[in-house]
Amino acid sequence: MLYQQEIYGRISSSIQISDTGIVPGSGVGNTRQELSKGTLGIPVIAIGIPTVVEAAVITNECLNLFIEKLQNEAKSNEFLNQLKKEDNYEEIRQALLPNDYNFIVTPKEIDDLINNMAGVVARGINLSL
């Protein structure tokens, strides 16, 4: 399914390594205390792997797929063409937030994905040392 591939393309798709620290939850608007040399007093190496996606992102991608379907059926519609060109993420997010509908979503296979990515990171560290 195209939809699942697009969403899964965001989950476990990259490994981020930084020596400047990390702010847990900042990628999904749930910012917590920074972990860095400035806050801990010691050098910090952070390794991050995306494991969740916001409902607004999923909704935006679903909306784009729906618009594509309507465009294919209608052949041409200026309103749909304009809507498709725009990034509707922020508008969707703002509509979902007041109703507490902007869930953070993770796939049901998250345990397997985390185990696999942990193995990739561990092997990378072992090979580099």
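The values are calculated or read from the model by the stated rules, or taken from the named source; none is laboratory data. None of the values given here were measured: they were computed from a predicted structure. Every residue, glycine as well, gets a Cβ built from its backbone with ideal geometry; the counts of neighbours run over all protein chains shown.
Observations on the model:
- Pairs meeting the criteria (first residue in region 39-51 and hydroxyl-bearing (Ser, Thr, Tyr), second residue surrounded by fewer than 11 Cβ atoms within 10 Å (Cβ to Cβ), beta carbons under 7 Å, at least 6 apart or on different chains) are Thr39/Gln33.
- Residue that is surrounded by the fewest Cβ atoms within 10 Å (Cβ to Cβ) [pool: residues in region 24-37 that are at pLDDT below 80 and assigned to a helix (DSSP H, G or I)]: Ser26
- Identification of helices (runs of 4 or more DSSP H) wholly contained in region 51-129 with 2 or more residues that are at pLDDT below 85, touching a strand residue (DSSP E or B) at 6+ places or on another chain (Cβ under 7 Å) and within 23 Å of Gln16 (Cα to Cα) yields 55-74.
- Scanning region 4-23 for residues that are out of contact with any Leu (no Cβ under 6 Å at 6 or more places or on another chain) and modelled with pLDDT under 80 returns Gln4, Gln5, Glu6, Ile7, Tyr8, Gly9, Arg10, Ile11, Ser13.
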